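Rule-based calculations on the coordinates, nothing more; no lab input. What you see is a predicted model, and the numbers here were worked out from it, not measured in a lab. Quick reminder, even Gly has a Cβ in these numbers, built from the backbone with ideal geometry, and neighbours come from all protein chains shown.
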Amino acid sequence: MITISICILIILLLIIVTSINVRKRHYTNLNKTHINKICDLADTGDIIYFRWSNVDILHEIVSPFTHIGLVLIDPYTKYKYIIETHLKGDGEDLGILDEGIQKYNLKDRLQTYKGFTYLSKLKNKYKPSLEKVIKFITNFKKFKKNIPFHGDYSNYFKMNCIKYKLCNDCFTIEEKDGLFCSEFVGFCLKELEIVNNAFDYKCMTPGDFMHSIDNDKNLLYDEKLLQVYK
């Protein structure tokens with residue numbers, strides 16, 4: 001009986017390792033688009049996916065990406081930004097040591113990131129109106145002040161999110177202070193009214209946005225990703 005259990009465990013581990021290697025090859029060998037064109041194409045509501053050069057096994061299992069941010073264009077200056085929330089030190093290359101919600105120049109953030117980055121385009125019919133973007137920008141300082149970053153992602157995900165994602169009606173999850181990077185992007189989509197109030201961003205991973213749908217089960221984002229080439 002023990003031998004059978006060990007064999008099953010080995011087979012499962014082999015399946016996981018094989019799938020991880022296939023995924024890694026796929027997401028590090030997409031057709032590349034130059035950073036200048038990426039920045040030209042990027043629009044409010046688009047997503048930037050990040051992937052470390054070396055990904056730990058938990059991140060690799062739950063999502064092909066390790067971080068996520070949202071493109072935001074200032075309607076007055078036309079400057080293109082990426083908004084995100086992250087750990088202390090993640091913005092060090094851009095002179096930002098603090099953790100939490102940040103707003104960076106989009107090109108600078110892509111240029112200085114040492115891993116892989118990708119642009120995911122929001123479909124045109126879901127683009128937020130000018131009024132909604134202005135309202136969001138007006139409230140951004142309040143979000144930055146009042147929404148901390150939740151840094152204990154791994155432990156919280158293992159203890160709460162796995163069971164919640166299996167059946168969110170079956171389990172309650174522990175309340176926490178702050179949001180993960182992907183939960184923050186989900187929060188922003190609600191504030192921009194790209195998604196409706198029923199949209200549940202709790203425990204979302206970066207990769208979940210590839211499968212986000214509207215009320216008619218249509219994908220919000222284009223299926224084709226554009227990998228950034230510098």
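Where does the stretch 73-185 land on Rg(C-alpha)/(2.2 N^0.38 Å)?
1.23
For the stretch 32-229, take the alpha-carbon Rg, divide it by the Kirkwood Rh, and send me Rg/Rh.
0.93
In sequence order, what are the phi-derived ³J(HN,Hα) couplings for the stretch 211-222 according to the Karplus relation 6.51 cos²θ - 1.76 cosθ + 1.60 with θ = phi - 60°, rounded to whole Hz, with x for glycine and proline?
With coefficients 6.51, -1.76 and 1.60, one gets 10, 5, 10, 8, 5, 9, 6, 8, 5, 6, 10, 4 Hz.
5 Å is the cut-off here: which amide hydrogens, built 1.01 Å from N in the peptide plane, fall below it relative to TYR229, excluding neighbours closer than 5 in sequence?
Amide H neighbours of TYR229: THR33, HIS34, ILE35.
Amide H to amide H under 5 Å from ILE68: which residues, 5+ apart in sequence or cross-chain, H placed 1.01 Å off N in plane?
Long-range HN contacts for ILE68: PHE50.
Compute the length gained on full extension between HIS34 and LEU130: take 0.36 nm times their separation in residues and subtract their Cα-Cα distance, giving the result in nm to one decimal.
Roughly 31.8 nm would be gained on extension.
Can you compute 3J(HN,Hα) from phi for each residue in the stretch 181-190, using the Karplus curve 6.51 cos²θ - 1.76 cosθ + 1.60 with θ = phi - 60°, rounded to whole Hz and x for Gly and Pro?
Values, residue by residue: 4, 6, 5, 5, 4, x, 4, 5, 4, 5 Hz.
Out of all Cα-Cα pairs in the stretch 48-139, roughly what percent, to the nearest whole number, are more than 23 Å apart?
Across the stretch 48-139, Cα pairs with separations above 23 Å total 30 percent.
Run the numbers for ASP222 and ASN196: contour at 0.36 nm per residue of separation, minus the present Cα-Cα distance, in nm.
Length difference between fully extended and current span is 7.5 nm.
Between THR3 and TYR156, what is the FRET efficiency for a Förster distance of 41 Å, r being their Cβ-Cβ separation, to the nearest 0.05?
The computed FRET efficiency comes out at 0.70.
Take CYS167 and LYS114, extend 7 Å from each Cα along the Cα→Cβ direction, and tell me the distance between the two endpoints in nm.
4.4 nm
So how do 81-89, 65-73, 206-214 stack up, highest first, on mean other-Cβ count within 10 Å?
65-73, 81-89, 206-214
Amide H neighbours of TYR81 under 5 Å, at least 5 residues apart or on other chains, H built in the peptide plane: list them.
LEU72, ILE73, ASP74, LEU106
Tell me, rounded to the nearest percent, the portion of alpha carbon pairs in the stretch 151-220 spaced more than 13 Å apart.
The answer is 67 percent, as a whole percent.
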